[in-house]
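Have a look at the structure below, then the notes.
The values are calculated or read from the model by the stated rules, or taken from the named source; none is laboratory data. No experiment lies behind these values; they were computed from the predicted model shown. Glycine also receives a Cβ, built like all others from the backbone with ideal geometry; neighbour counts cover every protein chain displayed.
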Amino acid sequence: MQTSHDEKKYGCGIRFLQGLAILLVITVLVMTGYAAGIATMWRFGYEIRAAVANLVPESAGQPIPERIPEEDFDLLDKVWGILGREFHDPDSLDEQKMIYGAAMGLASSLEDPYTMFVEPMRAAILADDMQGSFEGIGATVSMLDGQLIVVEPLPNSPALEAGIQAGDVILAVDDEPLEGKSYFEAIALIRGPRGTVVRLLVKREGTADLFTVPVTRGEVEVPIVEARITEEGIAYLRLREFNALSENRVHSALDELLQADPIGLILDLRDNPGGFLEMSVAIASEFLPEDTLVVSQKERDKPLEQFRVEHVGIATEIPLVVLIDGSSASASEIVAGAIRDHQRGVLIGEQTFGKGSVQSVHALEDGSSLRVTVAKWYLPNGDNLDSNGIQPDIEVVLTPDDAIQGKDPQLDRAI
């Protein structure tokens, strides 16, 4: 019997499985440091070793083999082959998509929401964002009902200079329609090397016709810090995420704010999904006495590791309020929790997200990444926040109506 092209391709699924094994085991390049948060960012734990030993078992079982056993390869090989030979629509079979699907399945089988395989396009965007800058047009966008909507152009950005406005709907990028594309696919089309021009087809409320806006891409720095002195003479500092630039940006903002001799300080960590562990420790160090315990972590088969204040902070004595909400996660909870546990300040707002695990990020050779939960972290009082979150000292709810009307009762209460 003559073998068809599809039978040759899918009847020999061992090539796929070997590729998957290489993708997940051999070609893993461990990125320096650990990253955690919005989803997958840094976390840690506490110094009472006895309590932690009881809370976190040294091992959940015997480690799995470094390579997939041959008999399991055979099973996957058969599934691959059957799909290739029998699926009713052979033209829809995408080898790369199937490989990524298998990798996602391996990660998701652990039933840990923060252990995940991330495809190259999304991995690149997430990595760029965590560095604090990227090359593109400089606008925050949201995907709503399948349409890419501009939330706001960033200050001093190419998008702002080109006339892009909040509420604009981007329908196409360089004549390629965005209909049916995912959020990350759309972002990947819009971003590109600085100096290049991207043409955006825009629909704007109040304008009858669609129009095209050419935008010259540039180096865009994410505005992660907002700082000002309120009318009441209180320093206000908002941190949007704990990326690679956070430590320097926060220190500079604090230094400038304190020169105004404020009567108090508000640290706003609302809607902050977290970020790098080292940034959470560095920023907590601005508010806590030297050598104070910030957080601890417990990895598998390793002793408890403590992270303490690493330098002399410049805001260790000023009266302090920290604003938190349900989107304050990861590194935000580390900072807020350390401030709470050492009675350094008052927490106002709503219960935080609740994430008490650490992820390491492995960069794979094809541009994809594998994020793996490798440890639990604990606040100075011993709390692990998985699924719990931090309760504020003073609960103040910010309702949707408040947001629509431009009201901020949480900030008002802090002042």
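Here is how the numbers come out for the structure above:
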quantity: Residue list for the stretch 103-148, restricted to those being assigned to a helix (DSSP H, G or I) and charged (D, E, K, R); calculated: Arg122, Asp128, Asp129
quantity: Ser280 vs. criteria at negative phi, in contact with a helix residue (DSSP H, G or I) (Cβ under 8 Å, 6 or more places away or on another chain) and assigned to a loop (DSSP other than H, G, I, E, B); calculated: no
quantity: Pair list, Cβ under 6 Å, 6 or more apart: the stretch 69-85 residue more than 15 Å from Glu95 (Cα to Cα), other residue of a type outside the set (Phe, Trp, Tyr) and in a helix (DSSP H, G or I); calculated: Phe73/Leu17
quantity: Strands (runs of 3 or more DSSP E) completely within the stretch 283-352 that count 1 or more residues being under 21 Å from the mean Cα position of the chain (by Cα) and assigned by TED's automatic domain parsing to the domain that holds Asp393; calculated: 293-299, 320-324
quantity: Output for the stretch 251-308, where each listed residue is among the small types (Gly, Ala, Ser) and in contact (Cβ under 8 Å) with a residue 60 or more places away in the chain; calculated: Gly274, Gly275, Ser280, Ser296
quantity: Contacts under 6 angstrom Cβ, first residue in the stretch 110-135 being within 17 Å of Glu365 (Cα to Cα), partner of a type in the set (S, T, N, Q) and part of a strand (DSSP E or B), 6 or more apart; calculated: Val118/Ser369; Ala123/Ser369
quantity: Flag if Ala166 is in contact (Cβ under 8 Å) with a residue 40 or more places away in the chain, farther than 24 Å from Asn248 by Cβ and of a type in the set (A, V, I, L, M, F, W, C); calculated: no
quantity: Any chance Glu226 is exposed (fewer than 13 other Cβ atoms within 10 Å of the Cβ) and either under 30 Å from Leu267 (Cβ atoms) or in the same structural domain as His251 (by TED's automatic domain parsing) (or both); calculated: yes
quantity: Residue ID - surrounded by the most Cβ atoms within 10 Å (Cβ to Cβ), chosen from residues in the stretch 392-408 that are touching a residue at least 12 places away in the same chain (Cβ under 8 Å) and within 27 Å of the chain's Cα centre (by Cα); calculated: Pro392
quantity: Matching option when the condition is at pLDDT 50 or above and more than 23 Å from Val358 (Cα to Cα), among Ile68, Ile64; calculated: Ile68
quantity: Subset of the stretch 229-245 that is at pLDDT 95 or above and of a type in the set (Gly, Ala, Ser) - its residue that is surrounded by the most Cβ atoms within 10 Å (Cβ to Cβ); calculated: Ala235
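For every residue, the table says whether it meets (1) in contact with a strand residue (DSSP E or B) (Cβ under 9 Å, 6 or more places away or on another chain); (2) modelled with pLDDT of 90 or more; (3) small (Gly, Ala, Ser); (4) in the same structural domain as Gly275 (by TED's automatic domain parsing).
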{"position": "Ala103", "(1), (2), (3), (4)": "yes, yes, yes, yes"}
{"position": "Phe117", "(1), (2), (3), (4)": "yes, yes, no, yes"}
{"position": "Ser142", "(1), (2), (3), (4)": "yes, no, yes, no"}
{"position": "Pro155", "(1), (2), (3), (4)": "no, no, no, no"}
{"position": "Gly163", "(1), (2), (3), (4)": "yes, yes, yes, no"}
{"position": "Asp168", "(1), (2), (3), (4)": "yes, yes, no, no"}
{"position": "Ala172", "(1), (2), (3), (4)": "yes, yes, yes, no"}
{"position": "Leu178", "(1), (2), (3), (4)": "yes, yes, no, no"}
